[in-house]
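No value in this document is a laboratory result; all are computed from the given coordinates. This one's a predicted model, so the numbers in the text were calculated from it and none came from an experiment. Using ideal geometry, Cβ is built from the backbone for each residue, glycine included, and neighbour counts are taken over all protein chains shown.
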Amino acid sequence: MSNWVSDYYDDVDHMRLDEWVARHSDDVVVQFGNNPPAHGKEEVAQNIAGFWSMIGGLKHTVLRKFEVDGTTILELDVDYTRSDGGHVVVPCTSILHRSGDLVDSLRIYIDLAPVFA
């Protein structure tokens, strides 16, 4: 796996919000599940911080990675620690596009219902 992908998800899995947000362009657009898209670093940071406050933790396992024309497509399993300490693994597909070294588009296709069931 590319170093930038490993570093990107290491920040997520350790919930290092500032470091993770810094990996994005100022005009980043993030579509997370069925939520409305978040535009720009500030809105993205607010949305992700809100989500992280509802869970105990998370860990991504990359199963497959495809790269096409500056776009990285990942098939992942995400192991969520619920706020009650329980665990659930949810399949996920993420599509990341980078402009230079920064992610300018992130689309996360996931069903979070099992996390909050």
Open item on the list: Six or more apart or on different chains, Cβ atoms under 6 Å: show the pairs whose first residue is in the stretch 14-39 and within 25 Å of T61 (Cβ to Cβ) and in contact (Cβ under 8 Å) with a residue 60 or more places away in the chain and whose second is assigned to a helix (DSSP H, G or I) and among the hydroxyl-bearing types (S, T, Y).
Closed with: R23/Y8
- [ ] Could you list, in sequence order, all residues of the stretch 5-47 that are touching a helix residue (DSSP H, G or I) at 6+ places or on another chain (Cβ under 9 Å), part of a strand (DSSP E or B) and under 18 Å from L76 (Cα atoms)?
- [x] V30, F32
TODO: Could you figure out which of (1) free of Cβ contacts under 8 Å to residues at least 40 places away in the same chain; (2) assigned to a strand (DSSP E or B); (3) among the charged types (D, E, K, R) isn't true of K65?
DONE: (1)
- [ ] Starting from the stretch 75-99, keep only residues that are more than 16 Å from F51 (Cβ to Cβ), then list their pairs with residues that are aromatic (F, W, Y) and crowded, with 16+ Cβ neighbours inside 10 Å whose Cβ atoms are within a distance under 7 Å, requiring at least 6 positions of separation or different chains.
- [x] H87/Y80
